[in-house]
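One structure is given below, encoded as structure tokens.
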Amino acid sequence: MPLIATRSLTKTYPGGVTALSDLTLAVEPGIIGLVGANGAGKSTMIKTLLGLLAPTTGEVQVLGLDPTKAPEQVRARVGYMPEHDCLPPDMIAAEFVTHMARMSGLPRTVARERASEALRHVGLYEERYRQIGGYSTGMKQRVKLAQALVHDPDLLLLDEPTNGLDPAGRDAMLALIQRIGTEFGISVVVCSHLLGEIERICDSLIAIEGGRLLRADRIDAMTTGTDVLAIEVAEGTEQLSAALAERGLRATAEGRMLLVPLDDEATYDLILRTVADLDLPLHRLDQRRHRVAELFSTEAPTVQEATHV
């Protein structure tokens, strides 16, 4: 059974704005990135999965349940971390997370224990009795994550979890999400407009644009066969690019580097001969994989058929 499945899912708001359009996919368990520019439909999709929004047309299932027919059953098994700041500033973190656990149906004693455990997991155990209003942005994000975890869900939906964080805070949050998905065995959907971050921690990726599915696949499948050689010379980059093109090698400029697809071992020798023939000072020649972001730098076809991730 897929973790999430949609068929021709469409959501049109009053006024004619279509946030999701004919979205069909099947998502397997793991850490899944849901990416797209602001306004692409990511938050609408998450709210539809939670049963907070009803689709205009189409079907949706989460953990085998239909959120339009059984929203409470879905939310009992799903943890949700909203994008925007929605925390009560005058409550202490332990009280708030305990309250959210109680809202999920846990008895008072169990809720209190789970709240302490969740706050420990997100690194706020020592700060759990402070008022949330005195927390930094990073600490508030961790409180939101703790309340999503407190009822031991099967699936986490995280909407822009690194919003407002500095680089160190982003790294810490991503590491925490990865730990939850790998060590705790909880599937996680991470909604973000920052593709580079998602690539670091996710097993698979769903990219949407204008409410339509742009691409969906496992990260490793997206980069299979995309090995490239990175070449950097002290001078004559354009001259080298033209010479490589004459010899049948397509070079793409990235700053001071040229990226050439690595078709076979002969590519190395051909590049070295070209550099030597031009008498250029070679600073760098090494192999790397395309970053996933590079796969979306050119237009990708819209996926019409059901896509398994």
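The values are calculated or read from the model by the stated rules, or taken from the named source; none is laboratory data. This structure is a prediction, so every number in the text was calculated from the model and none was measured. With ideal geometry, Cβ positions are generated from the backbone for all residues, glycine too; neighbour counts draw on all protein chains shown.
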Inset, instruction - Scan region 191-212 for residues that are aliphatic (A, V, I, L, M) and either assigned to a strand (DSSP E or B) or at positive phi (or both) and report the count. - result: 4
Legend entry - Selection status of Leu145, within 14 Å of the chain's Cα centre (by Cα), touching a residue at least 60 places away in the same chain (Cβ under 8 Å) and crowded, with 21+ Cβ neighbours inside 10 Å: no
Inset, instruction - Might you check whether a residue that is touching a Leu at 6+ places or on another chain (Cβ under 9 Å), in contact (Cβ under 8 Å) with a residue 40 or more places away in the chain and closer than 24 Å to Val27 by Cβ occurs anywhere in region 167-179? - result: yes
Inset, instruction - Taking the options Thr274, Thr267, name whichever one is part of a helix (DSSP H, G or I) and modelled with pLDDT under 90. - result: Thr267
Legend entry - Criterion violated by Phe296 - all others in (1) within 30 Å of Ile201 (Cα to Cα); (2) among the aromatic types (Phe, Trp, Tyr); (3) at pLDDT 80 or above satisfied: (3)
Inset, instruction - Answer yes or no as to whether Ile180 is out of contact with any Lys or Arg (no Cβ under 8 Å at 6 or more places or on another chain), farther than 16 Å from Glu83 by Cβ, assigned to a helix (DSSP H, G or I) and not assigned by TED's automatic domain parsing to the domain that holds Leu282. - result: yes
Inset, instruction - Test Met103 against the stated conditions and say whether it is in contact (Cβ under 8 Å) with a residue 24 or more places away in the chain and not hydroxyl-bearing (Ser, Thr, Tyr). - result: no
